[in-house]
Structure formats: structure tokens, C-alpha cells
Amino acid sequence: MAWGKKKGGGRKEPTFGISAALSDLRLSAADRVPGGDEERPKKAQKREPAEKPRKSRTSSKARSKSRGGFGRSIKRMFYWSAVLGLWAAILIGGAIVYVGAHLPPIQSLEIPKRPPTIQIVGMDGTVLTTRGEQAGDNVLIKDLPPYLPKAFIAIEDRRFYSHWGVDPIGVARAAVTNVMHRGVSQGGSTLTQQLAKNLFLTQERTMQRKLQEVELAFWLERKHSKNQILELYLNRVYFGSGAYGVEAAAQKYFGKSAKNVTIAEAAMLAGLVKSPSRLAPNRNPEGAEARAKVVLAAMQDAEFITAAQARGSVGAPQYNVKPVGAGTVNYVADWIGEVLDDLVGQVDESIVVETTIDPKLQSTAEAAIIDELAAKSVKFNVTQGALVAMTPQGAVRAMVGGRNYTDSQFNRAVTAKRQPGSSFKPFVYLTAIESGMTPETIRQDAPLDIKGWKPENYTHEYFGSVTLTQALSMSLNTVAVRLGMEVSPASVVRTAHRMGISSKLEANASIALGTSEVSMMELVGAYTPFANGGYGTTPYVVTRIRTVEGKKTLYARRNDAPSAVIDARAVAAMNTMMQQTILTGSAKKAELPGWYAAGKTGTSQDFRDAWFIGYTSQLVTGVWLGNDDNSPTKKATGGGLPVDIWSRFMKVAHQGLTPEPVPGLAPSSAFSNNPIGQALSSLLPGSTTPQQPPPPLPPSLPPERGYVPSAPVYNGYRAQPNDAPPTQANYPAQQRARPQQQNVRPEAGSGIDGWLSERLFGR
């Protein structure tokens with residue numbers, strides 16, 4: 001029956017295609033969402049009463065599940081916290097290992113030696129300046145006034161004696177302060193951390209450096225006691241202006257030992273640590289004093305000083321700050337720094353460099369340059385000046401490389417190369433003298449045309465027949481060019497190099513007017529043979545280099561016998577001519593009462609450079625004025641402002657000295673005890689002493705004296721026995737072939753100059 005019913009259901013034929021595939025997707029009544037007018041399925045209505053108790057059972061299960069989920073969340077939180085903590089520990093440990101691996105080896109972590117300092121002293125032992133990191137002597141805490149180290153603790157590390165190298169409270173306080181100020185306004189480093197940074201690390205701001213600083217701080221705390229750390233800190237911290245250590249700072253700023261500073265001065269020193277360069281009291285006294293008041297307040301708050309002491313220090317501070325030293329001596333220090341490596345090699349210990357500089361003359365030279373430029377620089381459109389003064393033996397006594405070292409460190413006395421103008425002419429005339437001419441030789445001052453180049457005199461005037469003495473003293477350009485072409489420019493270049501010029505010189509017609517650039521130091525040095533009797537010199541400033549304790553001498557200058565570069569009679573001829581430059585020529589303003597002097601002025605093209613090089617038996621001094629950009633001045637000439645500066649300096653430099661003769665110049669009673677002076681005196685009219693050659697003198701030039709040595713001999717000219725006057729036979733054949741000029745002065749040959757020249761050189 002059942003089978004029959006089942007069969008009675010009818011046969012279903014299979015279907016194919018899309019309709020067959022979609023037939024199973026038709027919705028039944030149970031699948032439809034109940035609507036407003038539709039009847040709900042009966043099965044759903046029957047299940048409604050049974051759903052209420054089921055809902056109650058579901059709520060209780062949810063509550064139990066929520067209680068279980070909360071417990072599982074706590075467990076999960078603890079689990080992941082442990083995992084994260086483990087990873088954090090691993091990362092921190094790895095960072096510590098990494099940072100430690102990049103620290104120096106533990107065996108090298110000893111307190112390093114102080115960096116070397118270079119102390120430069122003058123010829124009298126006075127300290128001129130100190131280069132390198134200026135470090136004072138180590139001082140012990142027990143020798144310092146108690147308020148000095150306490151000032152640093154009060155302002156830098158209040159809990160210094162209670163932490164282990166790092167102060168967590170200080171770090172937290174600094175972090176909060178920096179967040180509130182939205183920037184780095186306060187540091188959390190302890191004194192130990194600062195010491196570690198100063199001793200072993202760089203100043204870079206990186207996380208690695210900070211971690212290294214922390215590790216080294218712990219190492220220092222384990223290695224040394226608190227007082228040892230504080231003592232090291234005070235002796236190594238930087239205080240600005242090149243001063244390292246509290247002793248060097250006290251000497252630098254107050255001119256006294258750290259053992260003798262006052263409370264106010266101690267507060268100022270402690271305040272410098274925050275910003276040494278900005279708060280240096282010799283450069284920013286107001287800022288340094290304001291910071292010192294903050295330190296005093298901190299000291300009072302920490303009960304290191306009483307309120308009365310704080311008020312007394314703030315109300316009437318005793319800041320006896322030393323002024324900044326004279327700036328121009330730094331040009332000397334720079335020059336020494338350039339030659340130091342050649343003299344002693346690398347400096348790895350503190351040294352003292354003994355120099356030839358006379359502090360008094362250095363100050364005089366500086367004042368002369370600065371004062372004269374301050375008064376006349378605008379009038380002549382001159383912005384810079386330089387001065388070099390040296391003995392006839394080449395020892396530099398004073399050097400000013402510029403108007404203001406702070407504004408410009410360029411050394412115009414050593415490094416700059418400028419056209420010397422007419423101050424180069426003595427080398428032209430010397431070449432002419434060595435070729436057989438004399439100071440009385442006549443040449444024509446007249447227009448000149450050399451392949452289209454027409455040199456002119458400064459005044460655009462021409463004087464016809466003039467002697468070489470007149471031509472040089474009046475600085476006549478046409479005569480200098482004629483002489484240069486006559487003896488050949490190449491010969492002039494060789495003469496200049498023999499005298500001491502080291503720069504490259506162009507052997508052309510204009511060389512006679514000083515168109516090739518030279519440095520001031522070499523030009524002044526090339527004049528020294530005129531002042532010392534014909535011996536070549538090399539300018540120098542360093543005499544000895546030793547260790548600070550004086551136990552070891554690293555360098556000592558040897559006083560080798562000088563070599564002759566000019567014949568004695570050529571020296572006398574040149575000095576006779578260059579004396580007239582001061583007496584009657586372009587440098588008539590040069591005044592040096594009681595002294596015989598000679599020299600030469602120089603003015604380059606378009607008034608770009610103004611020179612005067614003058615000398616006595618004691619000093620050879622050169623002055624240069626111009627502009628760094630090589631712009632023309634307002635007709636500043638060598639006979640003007642440079643002569644004024646030269647005269648001012650030389651008057652002071654010769655005070656208290658006994659006049660001595662310049663080789664070949666007219667003698668005076670001051671020379672009566674000098675062999676050359678006695679010999680020359682015998683040639684004067686009315687003298688009963690028979691005319692004799694000068695007596696022989698020691699073969700070498702004694703150091704730092706200006707007397708004339710015996711007649712030198714050099715390859716270009718052979719001195720004859722008994723100093724016989726130059727003759728045609730003394731010179732090479734090509735020079736003998738030149739036609740000789742009639743040696744007659746235009747004016748009367750009377751007077752001591754003409755008479756002495758005639759007797760010395762003949763007609």
C-alpha cells in the first residue's frame with residue numbers, strides 16, 4: 001500500500017538545460033520572509049511557545065561565556081605582556097651588547113692625556129699667546145675653596161653624591177620640562193656622564209652616543225670615587241676661549257689661580273659650562289653675569305652658601321675679567337703654526353715656542369697701523385695695512401698681518417702677494433752698479449717707447465740728464481726702465497732672487513717698475529743685505545722649541561755663518577743712493593732724528609699698493625697699505641701714509657739705542673768707536689789720518705748686531721785686494737764692451753755726499 005502510494009505519486013521525467021539547473025533554486029514557503037498579509041508557516045507558529053524558555057537558557061549561557069572571556073582576556077594580557085617584556089629585554093640586552101662592542105677596548109679606557117698646547121713667548125719670555133687647547137695645571141679639590149666645586153654641583157648635578165652615574169630623577173625632570181617647552185630646554189646628564197663624554201666620546205647628538213655615555217658613566221663610578229670624578233671633571237671641562245680646566249679658565253678670565261677665586265667668580269665659572277662660547281665673560285660680560293646670578297641662587301637653594309653671601313655676591317660682584325689679548329699677535333702665531341711641522345713634526349706634547357718677537361715693538365706696530373688707518377683710511381680709501389720689522393740678520397721683531405685679526409685672519413705680511421712698484425727699483429740699480437756704473441753715472445730722463453709701451457713718471461715731468469742717485473731718490477720711471485733694459489731684465493731677476501726674493505718674476509721691460517707680485521716678508525728680507533753689509537738672510541721668528549718643563553729641546557736655530565750676496569762697495573753705493581730718498585727724495589717725510597737711514601718708496605699701478613721699505617743699522621721695516629680686493633686707493637702713495645706709519649714705529653723702536661753706522665753712509669761722531677767709521681772718517685776733508693782701506697773684521701756676521709763685516713765675495717763680482725775701486729777689468733767681457741758714460745753730476749760736486757762718493761768710487 002505504501003508502495004502503491006509511493007508509486008501513485010507519479011513519474012518524474014528527467015529534465016536538462018538551464019531550466020533544469022534553476023529548478024532547485026525556487027523558494028518554498030518556509031524560505032520566504034513573513035510579510036504583512038502573508039500567513040506564517042504552521043511549523044513556525046507551533047515553535048513560538050517553545051522559543052521563550054530557549055531564550056532564557058541562551059542569556060544564562062552568554063553570561064557564563066562573558067565571565068569566562070574576561071578571565072581569558074586577563075590571561076592573554078599577561079601572556080602577551082610577558083612575551084613583549086621578553087622581547088624588550090632581548091632588544092635592550094642586544095643594544096647594550098652592540099653599544100658596548102663599539103666602545104674602545106676596556107684596557108684603553110684610561111684617563112687620556114691632556115691635549116697638547118703650544119705656548120708662544122716673546123724674546124723676553126713674555127707669553128704672547130697660546131694655541132691648541134689651553135689647559136691649566138691640575139688642581140686638587142682639597143686646594144680649592146669649598147664653594148667652587150659646590151657651585152658646579154648646585155647648577156649641574158644636585159644629587160651627584162647619591163646616584164650611581166645616572167640620575168633617574170634628573171632624567172625624568174628634564175623629560176617633563178622638555179615636553180612642556182616643546183623642545184630641548186634642559187639636560188638630564190650628570191657630572192659623571194658629562195665627564196665620560198668629554199673624555200671618551202664626541203659631541204654628536206645620537207642615541208648610540210647617549211647609550212655609550214651611560215655605560216661609561218657606570219664604568220667611571222665603579223672605577224673612581226666621587227671626589228676623584230669631580231676632580232677630573234673640574235680639570236677637564238671646557239670653559240670657552242680655548243680654556244680647558246678650572247685653573248686655565250681662572251687664569252684666562254680673572255688673571256688668578258682657581259685657588260683664589262671669589263664666590264661670584266666661582267659662580268661665573270660654573271655658569272660657563274652651559275654654553276662656553278656664548279657666555280665667555282671676555283666677550284659677553286652681560287650674559288656671563290646673568291648666568292652667574294642663576295648659579296648663586298642655586299647655591300643658596302642647595303644651602304651651599306648663606307643668603308647673605310648670595311646677596312653680597314649679586315649686589316657687588318667682583319668680576320675682574322681680563323680683556324681679550326691684542327689680536328695682531330695671532331698673525332705671528334698663524335705663521336708659526338705653518339712652519340712648526342717642518343721644524344719638529346707632529347706635536348704630541350705641550351711645548352713652548354721661543355720667538356724673536358719683541359712684545360713692545362709688536363704693540364707699537366699694531367697701534368701704528370690701527371691708529372693711522374682709523375684717522376686716514378676714509379680719506380685715501382685704504383682698508384688694510386701690514387708691517388714687518390726685522391733685524392739686519394733676519395730676526396723678525398714685529399709683524400702685523402692686517403688691521404683686525406678678528407675680522408680677517410688673512411696674513412697680508414706673509415701670504416698676500418702684491419705688486420711692489422718702485423720699491424723693487426733698488427734691485428735694478430744694484431744690477432747696474434754691479435755692471436760697472438756708479439751713483440754718479442748719468443742717464444737720460446726722457447720719454448721712452450718700448451714696442452708701444454710708454455712708461456711715464458708720476459709727475460709726468462722729465463728732467464733730462466740725471467745721476468743714478470737723483471733718479472732713484474726721485475723714483476724716475478723712465479730711468480729705471482732704461483737701466484733695466486740696459487743690464488737686461490733677466491739680470492735684474494737674478495739679482496732679486498739672489499737678494500732673497502723667492503716669488504716668480506717675469507723678465508720683461510716692466511720688471512723695473514715692480515710689476516711682478518711678491519710677498520711683504522720676502523721683500524723686506526731682500527733689503528737686509530743693504531743694512532748688514534752684503535750678507536744674505538732668511539727671515540725667521542722661531543729660535544727654540546722646548547717642552548713645557550724645559551727637560552727636552554726639540555729645536556734650536558743654528559747661527560750659521562752668513563754668505564755674501566753683494567760686494568761691500570756695491571752695498572755702499574746703494575746705501576748712499578737710498579739715503580737720498582729720505583733726505584731729498586720721495587720719502588722726505590721720514591724722520592728719525594740722530595740716525596742714518598735709507599729706503600725706498602713704492603706705488604703700484606693705479607695707486608693700488610703703497611709701500612715704504614726703510615732701514616737703519618738696527619732694523620729693516622716695511623709698510624704696505626691697500627685693499628684686499630685690489631681696488632685703487634685715492635692716490636695713496638708710498639711717500640705718504642706708509643712713511644707716516646714707518647716713522648712712528650721706528651722712533652719708538654730706536655729709543656734708548658746708540659746709533660751705529662749703516663754700511664757706506666756718512667759717518668758721525670757716534671761711529672768713532674767703530675772700525676768702519678774710523679776708516680771713513682779718515683777720508684773727510686781736513687783729516688790728518690792717511691787714507692787707508694778699512695781694517696779687516698771677523699769673517700762672519702755676529703748675531704743681532706749691525707756692524708759691517710769684511711768685504712764679501714760672490715760669484716758675480718770679484719772683490720780686489722785692498723778693496724780697490726771697481727775697474728773695467730773686474731767685470732765680464734760683455735760688460736766691459738759697453739761704452740762708459742761720463743760720470744759727472746749736473747750740480748756742483750761740493751758737499752759731503754759728492755765728496756765722499758768721489759773718494760769711495762772715483763770719477
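The values are calculated or read from the model by the stated rules, or taken from the named source; none is laboratory data. The structure displayed is predicted, hence computed values, not measured ones. Here the Cβ positions follow ideal geometry from the backbone for every residue, glycine too, while neighbour counts run over all protein chains shown. In case anyone asks, the SASA skips ligands and DNA or RNA and just uses the protein heavy atoms, side chains included. Shrake-Rupley method; radii C 1.70, N 1.55, O 1.52, S 1.80 Å.
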*Debye sum, Cα scatterers, the stretch 461-566, no solvent: what log₁₀ I/I(0) at q = 0.13, 0.22, 0.24 1/Å?*
-0.63, -1.23, -1.31
*Taking the Cα centre of the stretch 402-447 as the origin and placing charges on Cβ (Lys, Arg +1; Asp, Glu -1), which of 419, 446, 431 is farthest toward the positive end of the dipole?*
419
*asked:* Just to verify a number: what accessible area does residue 497 come out at with the full protein assembly present, 1.4 Å probe, Å² rounded to tens?
replied: 80 Å²
*Over 25 Å between alpha carbons, listed pairs 142/223; 379/589; 417/635; 197/226; 226/256; 360/551*: 226/256; 360/551
*asked:* Can you compute the equivalent ellipsoid semi-axes for the stretch 485-538, i.e. the square root of 5 times each eigenvalue of the Cα gyration tensor, sorted largest first and rounded to whole Å?
replied: 20, 13, 8
_Residue-count net charge about residue 413 - beta-carbon cut-off 15 Å; Lys, Arg +1, Asp, Glu -1_ = -2
*Estimated FRET transfer efficiency (residue 311, residue 408; beta-carbon r; R0 45 Å; 0.05)*: 0.50
*Compute the length gained on full extension between residue 363 and residue 629: take 0.36 nm times their separation in residues and subtract their Cα-Cα distance, giving the result in nm to one decimal.*
93.1 nm
*Starting from the Cα of residue 301, step 7 Å along the direction of its Cβ; do the same at residue 198; then give the gap between the two resulting points in nm.*
2.2 nm
*Could you give the size of the charge dipole of the stretch 278-431 about its Cα centre, using +1 on the Cβ of each K and R and -1 on the Cβ of each D and E, expressed in debye and rounded to the nearest 20?*
800 debye
*Can you tell me the relative contact order of the stretch 507-577? Whole percent, Cα pairs under 8 Å, sequence separation 6 or more.*
29 percent
*Hey, rough spin-label estimate for residue 215 and residue 72, points 7 angstrom out along Cα→Cβ, what's it come to in nanometres?*
4.5 nm
*asked:* Could you tell me the center-to-center distance, by alpha carbons, between the stretch 492-536 and the stretch 576-648 in angstrom?
replied: 16 Å
_Dimensions in Å of the stretch 394-485 - Rg and Dmax from alpha carbons_ = 17.5, 51
*How high is the FRET efficiency between residue 228 and residue 548 when r is their beta carbon distance and R₀ equals 25 Å, given to the nearest 0.05?*
0.55
*How many nm separate the modelled label positions at residue 88 and residue 605, each set 7 Å beyond the Cα in the direction of the Cβ?*
7.8 nm
_Can you compute 3J(HN,Hα) from phi for each residue in the stretch 532-542, using the Karplus curve 6.51 cos²θ - 1.76 cosθ + 1.60 with θ = phi - 60°, rounded to whole Hz and x for Gly and Pro?_
10, x, x, 9, x, 9, 10, x, 9, 10, 9
*Rg to Rh ratio, the stretch 327-383, alpha-carbon atoms and Kirkwood radius?*
1.16
*Would you please give the residues with an amide H less than 5 Å from that of residue 117, counting only those at least 5 places away or on a separate chain, with H modeled from the backbone geometry?*
350, 351
*the stretch 222-286 - Debye-derived log10 I(q)/I(0), Cα point model, q = 0.18, 0.20, 0.26, 0.28 Å⁻¹*: -0.62, -0.74, -1.14, -1.27
